[in-house]
Protein chains: 2
Amino acid sequence: LSAAYESLDYDTCVNSAWLDEERTMGYKYVVKKDVARWLVVLLTAVLTALPVAAGSGIPQVKCYLNGVKVPRVVRIKTLVSKALGVIMSVLGGLAVGKEGPMIHSGAVIAAGVSQGKTTSFKHDFGFFEYFREDHEKRDFVSAGAAAGVAAAFGAPVGGVLFSLEEGASFWNQGLTWRVFFGAMMSTFTLNLVLSAYNGFPGKLNYNGLLNFGKFDDLTYEIWEFIPFLLMGVMGGLLGALYNHINLKLTAFRMRYIQKPWQKIIEAAVVAFVTAVMFCGIGEENAAAAIWFQTPERSVRSLFHDTSDSYHWSTIGVFFVCYFFLACWTYGLGIPAGLFIPTLLCGAAWGRLVGMLLCLFFPDQKWVDEGKYALVGAGAMLGGVVRMTLSLTVILMECVGNITFGLPLMIVLMVAKWVGDFFNEGIYDIHIQMQGVPIMAWDAPPLSNNIYASEVMNRPVVTLKSVERVGHIVNILKANTYNGFPVVDSIPTSENVCYFKSFGTLRGVILRSQLTVLLKHKIFNENAEVWQNSKVDIHLFRISYPRYFTLDEVDLNPEDMNCTVDLRPFYNPSPYSVVTCTALPRIFNLFRALGLRHLIVVNDNNEVVGMVTRKDLVKYR
Amino acid sequence: LSAAYESLDYDTCVNSAWLDEERTMGYKYVVKKDVARWLVVLLTAVLTALPVAAGSGIPQVKCYLNGVKVPRVVRIKTLVSKALGVIMSVLGGLAVGKEGPMIHSGAVIAAGVSQGKTTSFKHDFGFFEYFREDHEKRDFVSAGAAAGVAAAFGAPVGGVLFSLEEGASFWNQGLTWRVFFGAMMSTFTLNLVLSAYNGFPGKLNYNGLLNFGKFDDLTYEIWEFIPFLLMGVMGGLLGALYNHINLKLTAFRMRYIQKPWQKIIEAAVVAFVTAVMFCGIGEENAAAAIWFQTPERSVRSLFHDTSDSYHWSTIGVFFVCYFFLACWTYGLGIPAGLFIPTLLCGAAWGRLVGMLLCLFFPDQKWVDEGKYALVGAGAMLGGVVRMTLSLTVILMECVGNITFGLPLMIVLMVAKWVGDFFNEGIYDIHIQMQGVPIMAWDAPPLSNNIYASEVMNRPVVTLKSVERVGHIVNILKANTYNGFPVVDSIPTSENVCYFKSFGTLRGVILRSQLTVLLKHKIFNENAEVWQNSKVDIHLFRISYPRYFTLDEVDLNPEDMNCTVDLRPFYNPSPYSVVTCTALPRIFNLFRALGLRHLIVVNDNNEVVGMVTRKDLVKYR
Ligand SMILES: Nc1ncnc2c1ncn2[C@@H]1O[C@H](COP(=O)(O)OP(=O)(O)OP(=O)(O)O)[C@@H](O)[C@H]1O
Ligand SMILES: Nc1ncnc2c1ncn2[C@@H]1O[C@H](COP(=O)(O)OP(=O)(O)OP(=O)(O)O)[C@@H](O)[C@H]1O
Ligand SMILES: [Mg+2]
Ligand SMILES: [Mg+2]
């Protein structure tokens, strides 16, 4: 596990500062906030649809929705710097796609719009201040990701399901609707813009940024499920191989290719190899259209060209080359999408299968090479990425055909199962190699006899309700923990039964809150100074999400002897569990409520331990 | 609130009996259970697709997924008895549909298959015993409901989303896949059966039970959003009117029409009026096809017939009559679906709008009366039912057109917003009139200053870890509570600070567990008898879900003085909150974890109050 990742805090801290705000603002505030939510989603959707592209980003968005703070993931700087990269790699003809970046850009835009300020440009517009909380931001980011998928593939429902598959445990109905609304509006905007761009203003002909052409009538016979199933297995195997090679490559890269100049050289080598291979082999093949088009166009050709457009050897060679190139390119240090290259590989071998069937069953109406190319594309994507529900729907929406959903879904599921037998999906592999503490969906099986007392961390660093500044500073310096239980009184050690108690639990306070208090010198001794200027929740919000570090807080020696009253600021009702709680219950709490800290107490509500995400990810 | 409804218990009780089982069964058991889960979903899907119909049931399924035990909702007897009813009412020409019942039947079948026993036929097949828990059953019921929607409309994705919109807070990825799998298989089975039935065995031409015909090319121009929006508003208004009338009617019925014979008479009157109206008015109209077909066919005609198939007056009269008939019929005491009648009403006025536009903009390519009929149908359904995401997708899948999703979605959202301004959706209205304690999605706004101490119920009835049988019996007789905190020792009343304490919390035990213990006489005094036969979790499962009542437990006077050791049986880590916890946090816990009892403790972990679903529904 890498120490670079911190958790997000999806839990609201209902302290008295927060309550004060709610009490004074009243119902109008609630309405305003709700209207603003829809507005943000609308803005995000519209902005996402304006084709911006930036860094693959799907794994990062996945981590973010899971509750891990990935440094800089939702910063505008990230977006811009990667946009250039993607444009260059697509132009340069590398085996990359531009759809992953779109999803990321949706997330970035959502985060930007909802916070009403940018860190990159150091500007605070001051609006939407009430959305400066992790869980509000997370909701917008999931809407943004959905809008991104919707715009990239013209698949609004698929977009919603994508967000859902990644962040499902924090779902509710109001949010679903906003996400759906965003996805729809983003498709709509993109459609409008593209139609105008292509000379049909006011018409709505261009559904997604990527267009694989529509399949109008895809019928299939029941026994065709046999080739479909086999293709699913094939997709799973190829996907597992792809992931395995990529895993080894990534491990190699992490060890040997670390310096920027090394990365640039590798990228140049890939570009060179790509160019040589494509021109060299491409030239030898007469009908070599697939070698020279954009990958997106090639997919379209493989799906829709009439049979006997290609010779089987062309496609075969193309598949082998492209498979390895795509595998090499992903994770190269350049921003790159994965969907299109994978779809293209799959379409190639799918079409080969179609041709084979043509050979064995000539003159049969149902033999349609394009159909098998589609199934192959689905199988391959399923084998590499391993999402099922959202992928099915994305593909369905992408090719504009609903009746073919069942075969696609079955192929995707089989591919997933077969692939899962060997390794994990490509995104998960990359996430794990980076040491991100990502939470699984469930506790591992048979973990009911693992108790909170084994999971928890001891000793616990706690604070008292009224604490000396010097002590707080020492504690903050001495460790990197981000949350501290606030306790009543450290009991004498005579009634230690099983676990040492650290005092009766009163609440929990975050490091970020403490630094704000120190920075603004909210001390009891100078209460008359700050009590006039009304210390409220605003103080904590303006510095979100990058609070002060301890170095930015300058305290003179006499401050050190002041005291701070934490009572108005800590969260007085943190979630806690007793020592005999089983692991799956803790997992459930974390997933369902998006927790950052869970306090373990003994039977008298005395703090005995601390559980965070990092303690839980050890169990898988 | 009605007292007839009890909560379900989605929380696993990880007591030592349960742990024993897990420990002895090991990993093979986990795998077996998982395989069985997929099997159950498959069986459910296949069985659901075989067109069985039973009672509207959507509100009931909704309640069940929300966590309310609706008496007899998932019993086979219910299914059979209502199947007859629906067949008769459809045959009789009443303004009812058969799709709601299908959804219900999916749920019933799922419950039946997963439990491996039927209460109606008093037979216990003994398999799938490990699924006899509320939360396992709930998962299967949501899969069943999805399979039902999928089969009824040929809309697998819509089915998944339907389940999601109703039970979303208990969602996870593994479950999503099973639900999707079930929905797909059920569409597939139905397709297979229908195709064979219609003379094309092995082909897959019939997607859903209901078939509204496919719209191949539905294009729209951007300014058409203006009529669409207006139609959304119209749908919202009409829907609100429909719901209002139905509400008044239902209230009237609840007061005056209670006896079975009265209900039968009302049904007969409706049938008579329907017949007279249809024949009377139908005969006067030359092109009166819509009067005489099945509602489903009429919808299809309105969607697809060429323009000038109908005179506007035919449709106008038809709409008015059908609107009131449908409104009268729903909730009549006969099992009845709502979708088709509502769609039909909507299609009628939608087509009228289309004709009007035709009049103003003659000879325009985009004026397509069928398209406006579709929009009207969507708007009406949205206004009455108020589901958005799943309805959009169901309609999209139903008419086989993806590009038209955006307008449909916007119309549905507008209809929902406008309708919500006046009253709630029809299902919610019926649920509330029956006094079902259904939990809202969120706590009401501005409720952060309502604390657990105000929500909770006092005094709390508690038990000690080792308790006298006589005392237990008295407690069970004296109240109807279903859960009892187990406490350590009743403290002396001297340290009462704010709230009276009822002892230190140790765990929670359910009434059902207590009755099983009493029934089987698991007393300390005859330990040698039952310790040989190994008291295990099995004992509690065989009587699930209908445990013994106190009358079925016969105890002789000397039993009364025995003692029961509750420690191996109670749940040692119940969820608890402190008195100063804000209402939204409690709401979150209940929704996200599917709780039945939440114990309120003071700062020393002493029980001071009890919160159940019924305490929470007061706040809305
Ligand atoms: N106040 C504390 N006292 C003792 N141990 C703690 C405390 N806070 C966290 N820990 C433990 O420290 C280890 C690392 O914690 P972790 O970094 O996840 O917590 P954090 O810094 O509070 O939150 P974040 O996930 O944002 O970094 C974990 O084992 C956790 O249980
Ligand atoms: N053991 C108990 N002691 C005191 N009050 C209780 C207890 N159990 C429930 N209550 C209260 O009784 C009221 C009705 O409870 P309710 O019927 O919801 O609980 P239940 O019977 O335990 O569960 P169910 O929802 O299954 O009926 C609520 O106000 C609840 O807080
Ligand atoms: Mg940390
Ligand atoms: Mg009760």
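Every number in this text was worked out from the coordinates using simple rules, so none of it is lab data. Given the structure is predicted, the values throughout are model-derived calculations rather than measurements. Positions of Cβ are generated from backbone atoms using ideal geometry, with glycine treated the same way; all protein chains shown enter the neighbour counts.
Set the Förster radius R0 to 56 Å, insert the Cβ-Cβ distance between A:Ile245 and B:Trp366 as r into 1/(1 + (r/R0)^6), and round the FRET efficiency to 0.05.
On the way: r = 52 Å, r/R0 = 0.92.
Calculated value: 0.60.
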Projected onto the charge dipole of region B:500-620 (+1 at Lys/Arg Cβ, -1 at Asp/Glu Cβ, origin at the Cα centre), which of B:Thr563, B:Val611, B:Thr549 gives the Cα projection farthest towards the positive end? B:Val611
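I need the trypsin sites (Lys or Arg not before Pro) found in region B:212-276, filtered to DSSP loop residues with at most 16 other beta carbons within 10 Å of theirs.
Working: sites: B:Lys214, B:Lys248, B:Arg253, B:Arg255, B:Lys263; in loops: B:Lys214.
Counting only loop positions with at most 16 other Cβ atoms within 10 Å, the trypsin sites (Lys or Arg not before Pro) in region B:212-276 are B:Lys214.
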Short version: ³J(HN,Hα) in whole Hz for each residue of region B:347-364, in order, from phi by Karplus 6.51 cos²θ - 1.76 cosθ + 1.60 (θ = phi - 60°), x for Gly and Pro, what are they? 4, 5, 6, x, 5, 4, 4, x, 5, 4, 4, 4, 5, 7, 10, x, 6, 9
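For region A:452-616, compute the orientation-averaged projected area of the C-alpha convex hull (one quarter of its surface), in nm².
Working: hull surface 41.0 nm².
Quarter of the Cα hull surface area: 10.3 nm².
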With a point put 7 Å past each Cα toward its Cβ, work out how far B:Lys618 is from B:Leu446 in nm, to one decimal. 2.0 nm
Rounded to whole Hz and in sequence order, give me ³J(HN,Hα) for region A:366-380 from the Karplus expression 6.51 cos²θ - 1.76 cosθ + 1.60, θ = phi - 60°, writing x for Gly and Pro. 6, 6, 10, 4, x, 4, 5, 4, 5, 4, x, 4, x, 4, 5
Where the convex hull is taken over the Cα atoms of region A:519-620, what is its projected area averaged over directions, in nm²? 9.4 nm²
Give me, ordered by chain and number, the residues 5 or more places off B:Val68 or on other chains with an amide H under 5 Å from its own placed amide H. B:Leu8
What does the copy distance list look like for A:Gln293, label position 7 Å along Cα→Cβ, in nm and ordered from shortest? 4.1
Signed unit charges on C-beta, dipole axis of region B:452-616, positive-most listed residue B:Met456, B:Leu593, B:Pro574: B:Leu593
State the extension gain, in nm to one decimal, for the chain segment bounded by B:Asn198 and B:Lys263, taking 0.36 nm per residue of separation less the distance between their alpha-carbons. 19.6 nm
Could you state the number of Å between the C-alpha centres of region A:251-271 and region A:412-470? 30 Å
Restricting the calculation to Cα positions, tell me the Rg (one decimal) and the Dmax (whole number) of region B:353-489 in Å. 26.5, 87
Spin-label point model (7 Å from Cα, Cβ direction): what's the A:Glu525 to A:Glu558 distance in nm? 0.7 nm
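Going by how many other Cβ atoms sit within 10 Å of their own, how do B:Tyr242, B:Tyr220 line up, fewest first? List each step's numbers first, then the result.
Numbers: B:Tyr242 24, B:Tyr220 19.
In increasing order of surrounding Cβ atoms, one gets B:Tyr220, B:Tyr242.
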Put the label 7 Å from Cα along Cα→Cβ for B:Asp565; what are its distances to the other copies, in nanometres, shortest first? 5.1
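Calculate how large, on average over all directions, the projected area of the Cα convex hull of region A:422-501 is; give the answer in nm² to one decimal.
Numbers: hull surface 35.9 nm².
For region A:422-501, averaging the hull's shadow over all directions gives 9.0 nm².
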B:Leu229-A:Asp124 FRET efficiency (beta carbon distance; Förster radius 30 Å; 0.05 resolution): 0.25
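With charges set only on the Cβ (+1 for Lys and Arg, -1 for Asp and Glu), what does the dipole of region B:452-616 come to about its Cα centre, in debye to the nearest 20? Could the numbers behind the result be given before it?
Details: 18 positive and 16 negative charges, 137 e Å.
Using Cβ point charges on Lys, Arg, Asp and Glu, region B:452-616 gives about 660 debye.
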What fraction of the Cα pairs in region B:222-433, stated in percent, has a spacing above 33 angstrom? 15 percent
Report relative contact order for region A:222-433 in percent, whole number only (criteria: Cα-Cα under 8 Å, sequence separation at least 6). 34 percent
Defining a contact as two alpha carbons under 8 Å apart and six or more residues distant in sequence, what relative contact order in percent does region A:476-619 show? 27 percent
Considering only C-alpha atoms, what is the centroid distance from region A:225-240 to region A:551-620, in Å? 47 Å
Kindly give the distances from A:Pro201 to its copy-mates, label point to label point, with each label point 7 Å from Cα along Cα→Cβ, as nm values to one decimal ordered shortest first. 6.1
